[in-house]
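Inspection log for the structure reproduced underneath, given as structure tokens.
The numbers here are math on the coordinates, done by the rules we state, and not lab data. Computed from a predicted model, the values in this text were never measured in an experiment. Glycine also receives a Cβ, built like all others from the backbone with ideal geometry; neighbour counts cover every protein chain displayed.
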Amino acid sequence: MSAPTLTRQVFDIRDLNLWYGDHHALKNINFPINKKEVTAIIGPSGCGKSTFIKTLNLMINMVPSVKMTGEINFNGQNILGEKMDLVELRKHVGMVFQKGNPFPQSIYDNVAYGPRVHGIKKKKHLDELVIKSLMDVALWEEVKDRLTAPALGLSGGQQQRLCIARALATKPDVLLMDEPTSALDPISTLKIEELILELKEKYTIVIVTHNMQQASRVSNKTAFFLMGELIELDSTSTIFSNPNDSRTEGYITGRFG
Amino acid sequence: MSARANFDNNLKELKEMLLEMAHKSEQAMKESMVALLNQDMDKAKKVIDGDNEIDDMEDAINNKALLLIARESPVATDLRKISVALKVSSEVERLADIAVNIAKSTLQIGNEEYFKDIIDIPKMMGMALEMVSESITAYYSEDIEIAKKCAEKDDAVDNMFGDLIQELLSYIPKNPNATNQIIQLSFVCRFIERIADHSTNIAENVVYLVTGKRINLNE
């Protein structure tokens, strides 16, 4: 990847359009994403928020009929503009999904998976990465005595934190989170939210959430999507106290959507 | 039907409770002035006794508002509606306290004959009550223009207050026996000036409710 730019932006999305076959799913999206900030994406089901987040690491390319135009500039390089090394891109832009999805391997191997793919073989180096990643997600104390135990034996909340650790092990710049707590109980949800607040010191985080309180608690910026359009992007305090667009107001107050 | 019909009904109820409280406070202020002018001790005592009911109404509004915050997690306009209801109820409660203060001054003066006709104080009270009425109307109709119109009158009340205080204090040397009533009437002037201030605060809250912006209408 190119060297990080001096600007505050890690992503600069310009005039992004996306079609699934004939369906125009994202319409003229212009969206700067600042470094070391949490950006929350909200909107009703089918508004394009998950589609949007999956464009940021080109996971969207796995959908066969997808067509995109515009620019997604990541650290100054348009990832749509040339043949992209997807493995390299996803090393820098990690992703965590709705439900914890550990590999059917040990806790250790789950976290070491990414670094191994990227060629790290030395056990000492891998050990360091695994420990650091597990510490970063506040899971180390809970699993340090059972690193070789199956990851699937962990609770739902622990599995999700393990998946975040797995994403962090490749030392990404950006962490994408697609409804990371929708399958978790309130306590596990709060742990993930606290984790997000800690992680933003080091990482840029983009989180899709249906939970308005979560968006208002953890994010610096909030974007509201509706029917494939970015309706409003502003500081979270503005969006939740005095949004500019009546459609944003209607959605966040639960009056439509 | 709105997905939040129940919440909307509760917000409406909160507003209605506040309007009823404001109506009672307005009545208390009017009664306190009548009691002062007619030196009607019974009426003054009634105003004082009636304050508990208004305090209870404020408690009920606060409890309902906090419950709505806890249960509905309001944001944006909804949150402003609730926070403004809390603020306005506090201002209205202070208005009722002012009615009590005027009634207490009436009791302090007692049946001692006024040393002169009381003409300007009810005029000043009329202006202040007009502001109260406008500020509450502005809150009810969420109308910024009425709120601004209300606040514009504050300077006139302030000026009248300054003039009246000077005039009242100037009477003391020639009417030393009336010192107590002059002091009490000065207090009443001060209380009325505070009515105008509370009305202006309500008007500012209306502007915040509608626009989300805090402005000082007193400048």
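When the protein assembly as shown is described by a simple charge dipole with +1 on each Lys and Arg Cβ and -1 on each Asp and Glu Cβ, the residue from B:Ala60, B:Val188, A:Gly46 located farthest towards its positive end is A:Gly46.
Considering only B:Lys149, B:Lys123, B:Lys174, the Gaussian network model of chain B with Cα springs below 10 Å gives its largest mean-square fluctuation to B:Lys174. Counting only other chain Cβ atoms within 10 Å of each residue's Cβ, the peptide B:74-82 averages 5. Only Lys, Arg, Asp and Glu carry charge here, each on its Cβ (+1 for the first two, -1 for the last two); on that basis chain A has a dipole of about 660 debye about its Cα centre. Summing Cβ point charges (Lys, Arg +1; Asp, Glu -1) relative to the Cα centre of chain B gives a dipole of roughly 340 debye.
Helical content of chain B, expressed as a calculated mean residue ellipticity at 222 nm, amounts to -29500 deg cm²/dmol (DSSP H runs of 4 or more residues, -39,500 (n - 2.57) each, divided by residue number, nearest 500).
With the charge dipole of the protein assembly as shown set up from +1 on Lys and Arg Cβ and -1 on Asp and Glu Cβ about the Cα centre, the Cα lying farthest toward the positive end among the listed residues A:Leu176, B:Met160, B:Gly212 is that of A:Leu176.
Legend: ranking of residues A:Leu226, B:Leu36, A:Leu190 from fewest to most surrounding C-beta atoms inside 10 Å; resulting order A:Leu190, A:Leu226, B:Leu36. Can you work out the base-10 log of I(q)/I(0) for region B:3-211 at q = 0.11 1/Å, using the Debye formula on its C-alpha atoms alone? Once normalised to I(0) and log-transformed, intensities are -0.55.
Listed cross-link partners B:Lys87/B:Lys123; A:Lys35/A:Lys122; A:Lys36/A:Lys132; A:Lys91/A:Lys132; B:Lys12/B:Lys153 are compared with a 22 Å cut-off, the Cα-Cα value being larger for B:Lys87/B:Lys123; A:Lys35/A:Lys122; B:Lys12/B:Lys153. One quarter of the convex hull surface built on the alpha carbon atoms of region B:111-215 amounts to 7.0 nm², the projected area averaged over directions. Rounded to the nearest 20, the Cβ-based charge dipole of the protein assembly as shown about its Cα centre (Lys and Arg +1, Asp and Glu -1) stands at 3060 debye.
With a Förster radius of 25 Å applied to the beta-carbon distance between A:Asp245 and B:Asn216, the computed FRET efficiency rounds to 0.35.
Along its principal axes, region B:156-206 has C-alpha extents of 46, 17, 6 angstrom, given from the largest down.
Our estimate of slack between A:Ser45 and A:Leu86, defined as 0.36 nm per intervening residue step minus the Cα-Cα distance, is 12.0 nm. Ranking of A:Ser188, A:Ser45, B:Ser89 by neighbouring Cβ atoms within 10 Å, starting from the fewest: A:Ser45, A:Ser188, B:Ser89. Sorted fewest first by neighbouring Cβ atoms within 10 angstrom, B:Arg80, B:Arg214, A:Arg116 come out as B:Arg214, A:Arg116, B:Arg80.
Once both labels are positioned 7 Å from their Cα atoms along Cα-to-Cβ, the gap between B:Ala5 and A:Met135 label points is 5.7 nm. Annotation for B:Leu37 and B:Ile144: the two label points, set 7 Å from Cα along the Cα-Cβ direction, are 3.7 nm apart.
Shape analysis of region A:153-257 yields a ratio of the Cα radius of gyration to the Kirkwood radius, Rg/Rh, of 1.00.
Using the Cβ-Cβ distance between B:Arg190 and A:Gln213 with R0 = 56 Å, the FRET efficiency computed as 1/(1 + (r/R0)^6) comes to roughly 0.80.
Here the spin labels are modelled as points 7 Å beyond Cα on the Cα-Cβ line, and at B:Glu16 and A:Met62 they lie 5.4 nm apart.
Here the Debye sum runs over all C-alpha atoms of the protein assembly as shown as equal scatterers in vacuum, and log10 of I(q)/I(0) at q = 0.09, 0.11, 0.14 Å⁻¹ comes out as -0.74, -0.90, -1.21. Positive-end ranking of B:Ser105, B:Met29, B:Leu19 along the dipole of region B:3-211, with charges on Cβ about the Cα centre, is headed by B:Leu19.
Hull volume per residue, based on the alpha-carbon atoms of region B:5-105 and their convex hull, is 72 Å³. With N the number of residues in chain A, Rg(Cα) / (2.2 N^0.38 Å) evaluates to 1.00. Once the Cβ-Cβ distance of A:Lys202 and A:His24 is raised to the sixth power relative to R0 = 35 Å, the FRET efficiency obtained is 0.45.
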